[in-house]
Each structure stands twice: as structure tokens, then as C-alpha cells.
1. When you look at Ala258, is it near the ligand (Cβ under 10 Å from one of its atoms) and either within 22 Å of the chain's Cα centre (by Cα) or assigned to a helix (DSSP H, G or I) (or both), yes or no?
2. If we only count helices (runs of 4 or more DSSP H) wholly inside the range 68-171, which ones have 3 or more residues that are closer than 21 Å to Gln260 by Cα and touching a residue at least 24 places away in the same chain (Cβ under 8 Å)?
3. Just the residues that are in contact (Cβ under 8 Å) with a residue 60 or more places away in the chain and buried (at least 17 other Cβ atoms within 10 Å of the Cβ), please, taken from the range 20-59.
4. So Arg111 passes all but one of these: (1) assigned by TED's automatic domain parsing to the domain that holds Leu10; (2) of a type in the set (Lys, Arg); (3) surrounded by fewer than 19 Cβ atoms within 10 Å (Cβ to Cβ). Which condition number does it fail?
5. Tally time: how many residues in the range 382-404 are of a type in the set (Lys, Arg) and under 28 Å from the mean Cα position of the chain (by Cα)?
6. Name the residue that is modelled with the lowest pLDDT, counting only residues in the range 136-173 that are surrounded by fewer than 21 Cβ atoms within 10 Å (Cβ to Cβ) and under 24 Å from Glu265 (Cβ atoms).
7. Please find, among Thr352, Thr365, the residue that is among the polar types (S, T, N, Q), over 20 Å from Ala258 (Cα atoms) and not in a strand (DSSP E or B).
8. Just one of Arg404, Arg416 is exposed (fewer than 14 other Cβ atoms within 10 Å of the Cβ), among the charged types (D, E, K, R) and within 16 Å of the ligand (Cβ to nearest atom); which is it?
Amino acid sequence: MQRVVLKDELDWQGWRQAARQLVLAGIEPDGVRWVVGGNPHPLPEASGSFNLSRSLVELAGVAFQAREPERFGLLYSLVWRAHGGETIAPDDPDLALARRLALSVRSDAHRMRTNARFMPVQEDGTVRHVGWFAPQHFVLPANAQLIARRFPELTWSIITPDGSAHWDGTRLTFGAGLRDAQDDDTLLAWWEAHRGGILDGAAEGTSVPEAEAVDEAPRPPDRLPLGPVVTVSELEPALARAAKESWACRRCHLYEPATQPVFGEGPLGASVMFVGEQPGDQEDVIGRPFVGPAGQMMDRAMEEAGIDRRQVYVTNAVKHFKFTPRGKRRIHQTPEAPEIRACSFWLDVEKTQVRPRLLVAMGGTAARAVLGRAVSITRERGHAMTMEDGQRVFVTVHPSYLLRIPDPAGKAAAYRDFVKDLSAIRVLMQAEADGGP
Ligand code: URA
């Protein structure tokens, strides 16, 4: 029996090299035992030409990532038969099994790019997006290659039980993993405790099956391939259900070019709900509201005003990113009234579930969504008003308005006014907590 020792579960190069030599040496599939880990075993010397169809190599490259111990032998058997000149029928049991494995790997890879979420973590003056995901198969390395190639400007780490991948804008490295991350706080605490060791010890990955092999059908060039990365911030079940249903939303056309709907986040029963306009470029990719530049501006102002973002619910009037592609960039477009109306369905779901005492509308789109009419922010900002149904509403500017002010003095003044509004909201929250009006 010929023993083949692979370095690890994803030793694609080792498997390819061994398969080539074994076929050329005439060693039948039944005569090979594939093992992961351990001392390398010598392979028979062999030479000759070895050509396989591109489609079989591609299939093997994907199925190889399945968490299925028999895959090494299964794929070798297909290679052996194809090299022997056999035409393998589409309904052949081995080929059908390899295809099923490949399908499962592809959908796991897709799930990783769509179900996982990133949490922004401050790091040396920049933001690293850290996410955790438990894939069913060994899809991290190929996915990480794909994500890094298509999405180079973010700094991120994806943690999985089998290992982690890290991108710093130029280098992709792999390190230790985390078995379980029940929530953001567990992940954050683990990351803070281990990040130094993990990043220092992380190594360039060995070559894995080509990233293209796990990509699905070609996308329009304006559509980013990356979904959110880990469901670390668990939504309350009712909201999680609604968030899931919003993926099938066809109430307006904005779902088409967007990567995904971005639902709100925060505790059920939060006394205040902050409503923005729509997810921006980064939110669309990451899948969480207010994590990009406007979100960072809002976080800073909230902190200065004494509002703990974790205690409030943060969402948007429109759940999909509206944009026009310009070259490689996606330029924000303000949603129109019909889109705001269509999306009010989801805002109503959130309001019904969260039942906030105060709605904070940030900017014109949110104010229109909340009050149902066009609003002059300058005239109506800065105080709580009561709607006919008794709902209290506070209007203020949108944080991205501050980002657009070119003159530093004007920007600083507008920021101070924003903090002043947030401070008034904090006072209202406090009065609420003390049993006030
Ligand atoms: N702007 C918004 O209105 N919402 C976001 O989530 C991000 C930017």
C-alpha cells in the first residue's frame, strides 16, 4: 500500500504532485492510502506526460476544500480513470459525488461572504474589520485570496475555528483560529488578547486551490463580491427573522445592484432609535449600519455626548445602498420618495419590534421617512416633537453632511452643533430612564 502524507487538509500542491507521480507510476487508486499530517513518505519516481482536462482540475480544486476525509482518494480515482482515457459519464457515482462536494463548498464560500459580519476595531490609527465565521468546509484560504484581491482597501481579519486570515492592504497571512465566538464581546476580548501573537506569528499561506475556482457566476463589474463577514452581533430573534426576510425584498429595484440589505442593530426595547439615510459603500459590503466614515463620525459625536451606541438602536430609512458606478467607484445617490416609501415597510417592522420612545431622524431622507413629509432640517432640528400617534421625534443633521463641509472652521462648528443635538437626546434618554415625560 502506498502511503501519501499531506501537510494539512488543504495541501493541494502536495496532493497534485502525489497524484501525478502515482498515476505515472501506475499505482491504482485502491493501492493508495491518503493521510493528513505526519512524516512525509517517499513517492515512487515516475516520469512521462500527464494531462488532464481543465474542467476536471477545476472540479478537483473546489471539491478538495470539502470537509470530507474520502475526497483525496475519490479525486485520485477520477484522475486515474481520466488519465487512462476513460470518458467519465455525467451520472458516474464518483463524478456525481465530487460534484456534490464542489457544490457544497461553493455554497459554503458564498455563505461566508454573505452571512459573516465584520466588526470595526481601532488599531494604530486605522480600523481593522474583524469577523468570525464557522465554515462547514475548508473555504477560508481561497475565500481570503478572493476577498483580498477584489477588496484591497480594507484591513481585515477573518477568524474561523480552523484558523484565521489577515489582510493589511498588501499581504495576506494566516494564523491561529478561535473555536467559538458567541458574540461581539467574546470575539473582541479574544482578539484584543491574542492579536499581537496572531499577527506576529501569521505566515503567508501556501498555495491553495485557485480563488477563482470558488467564485460563482460572473458579477456585473460594479457589484462587489464580498458580503458581510460574521454574524457576531446576534439580533433578537424577531428582528433576525425580519432581517433575513429582507434579503428577498423586491419592494423597489434597489436590491439589484446592492450587495445585500443592511438591517438595523441594537437591543430590543432600546429607548432611542437613530435613523440614517441608507447604507453607504462600506456598510453595503460589511452588512452593518454606520460602520464607514459617517458611522465613525457619529460614534465620535455620540461618545462626546455621552451616548453609548450599544444601548441605542441604529438603522436606516432605506436598507439597500443606492449608487451609480463610476469606474471602480460607487457613487452614493440619494434615495427618491418612492424608494423611501417602499422601504418604510422594514422601518415599521423595526419600530414595532423595538418600540423606541424617541426616534432620531438624521438628515432629510430619515426625516421624510419618519415624519412622512419633506422637512427643513435647519428649521426643525434640535428639539423633540410629538407626532399624531404620540411618537416623539427628534430631527438633526446626518453625520455625512459634516464630512462634506470643506472649510475646517465650518466643519468644527457643525460638529459642535451635532454634539449639542446628541447631548439634548442624551438628556431626553435620561429623563426617560428616570420616568420623565
Ligand atoms: N450613511 C447612512 O445613512 N447610513 C449608514 O449606515 C452609513 C452611512
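The values are calculated or read from the model by the stated rules, or taken from the named source; none is laboratory data. Bear in mind the structure is a predicted one, so any value in this text is a computation, not a measurement. Cβ atoms come from the backbone with ideal geometry, glycine included; neighbour counts cover every protein chain shown.
1. So Ala258 fails the test.
2. Here the list reads 93-115, 140-150.
3. Listed by number, the list holds a single entry, Val23.
4. (1)
5. Of the residues in the range 382-404, 1 are of a type in the set (Lys, Arg) and under 28 Å from the mean Cα position of the chain (by Cα).
6. Within the range 136-173, the match that is modelled with the lowest pLDDT is Phe151.
7. It is Thr352.
8. On inspection, the qualifying residue turns out to be Arg404.
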